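The block underneath contains the structure these notes are about, expressed in structure tokens.
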Amino acid sequence: MTRTRDPEHYQVVVPHPDDFDDFWTDVLDQLARFPINAEFVRDDLRSTDRVDVYDVQYTSLDGVRLSAWYARPRQEWVAPPYPGLLIVPGYISDPVIPKNWAELGYAALAVAPRGKVRSRSQVDANYPGLLVENSVDRFTYGYRAFYADACRAVDVVAQRPEVDKNRIGVHGSSQGGALTIVMAALRNDLITCGAAGAPYLCGFLDAARLTTSYPYHEITERLRAHPEEREAIEETLPYFDGLNFAPLITAPMLLYIGLEDDVCPPETGFAVYSALQCSKELIATPRCAHDAGAHWVTAKVQAFLAEQLKPSPVVAVEPVA
């Protein structure tokens, strides 16, 4: 459980490296050297009379091939162009096929960065352990390529002829919330809006002190076993911290957190909200943990995305879980 009782006023401290912008400009420059080479293969089994589903393959940093699921309304129901929507996964979860989002009128891509089940043919991931994988060096830290993979997914959607490139959003919770922040920051030329729930990877070291839950407890365990790595880890993590990405976001953002979250402490959620300099909204739900109040908030997330992206639903459907 979290150890403070006033998360809104807790001061999360994250250094901002002098070369933060240069570091990520270099990563994106390296990413751009690899052609996307996206392949979309319609999946007849998973498609429906309202939605077309595609198995997607594309190339990311270092030439690694990744997988994704793509779903869009069938043109018989809704004519393009469609707003694009990136759905990004949690720490140990794999993306589901975003058919419900397609029924709401989006061309939706469920992203699977390297190490996820369908994207591990070349690079596998360790769970637990991804959080501290090669964390002594920002150039080899696992999240360097992971973030690049998420940014490349934005490019994949933007290339689609049926997608309106002026209406591309991103949504996810936990690690998906972190990736929402990163993608909105590093692809601020393309992302129109973002909805981030219970954002992970924000205030790493404060979070590790505030909770004994995983995944942040991986940091505590690593430093306990290898105290000689502390200085290097403390130098690496700010390059990947959502609090340093947040000020780069220009699109409207919805942030939602649970005030009893023992996985991603609400203190870090409030800190991210404070760091955002764009149009922003915060929903902090009492008596809710890492679900971030999804039972009550999901409809508000859908309404926020719809207001920003203006989809044309295929049919009236129940809120997406």
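The values are calculated or read from the model by the stated rules, or taken from the named source; none is laboratory data. What you see is a predicted model; the values in this text were computed from it and never measured. As a convention, Cβ positions derive from the backbone with ideal geometry for all residues, glycine included, and neighbour counts pool all protein chains shown.
Can you name the number of the only condition in (1) touching a residue at least 40 places away in the same chain (Cβ under 8 Å); (2) under 19 Å from the mean Cα position of the chain (by Cα); (3) assigned to a strand (DSSP E or B) that residue 24 fails?
(3)
Step by step: first the residues of segment 75-96, then only those that are in a loop (DSSP other than H, G, I, E, B) and aromatic (Phe, Trp, Tyr), then the one that is surrounded by the fewest Cβ atoms within 10 Å (Cβ to Cβ). Which residue is that?
Only one residue tops the list, namely 77.
Can you name every residue in segment 188-199 that is outside any strand (DSSP E or B) and more than 14 Å from residue 242 (Cα to Cα)? Please lay out each step first, then the result.
First pass over segment 188-199, keeping only residues outside any strand (DSSP E or B): 188-192, 198-199.
Across segment 188-199, the qualifying residues are 188, 189, 190, 191, 192.
From the list 210, 276, 255, pick out the single residue that is within 15 Å of the chain's Cα centre (by Cα), among the hydrophobic types (A, V, I, L, M, F, W, C) and crowded, with 18+ Cβ neighbours inside 10 Å.
Answer to the check: 255.
Can you tell me which residue in segment 281-321 is modelled with the lowest pLDDT, limited to those that are of a type in the set (Lys, Arg) and more than 16 Å from residue 177 (Cα to Cα)?
Here the answer is 287.
Go over the candidates 57, 30 one by one and state the one that is polar (S, T, N, Q) and in contact (Cβ under 8 Å) with a residue 24 or more places away in the chain.
After applying the criteria, what remains is 30.
Restricting to segment 58-74, name every residue that is over 29 Å from residue 312 (Cα atoms) and outside any loop (DSSP other than H, G, I, E, B).
The answer is 59, 61, 62, 63, 65, 66.
Please list, ordered by first then second residue, the pairs with beta carbon atoms under 7 Å, 6 or more apart or interchain, first in segment 225-245 and within 23 Å of residue 175 (Cβ to Cβ) and loosely packed, with under 14 Cβ neighbours inside 10 Å, second small (Gly, Ala, Ser) and modelled with pLDDT of 95 or more.
Pairs found: none.
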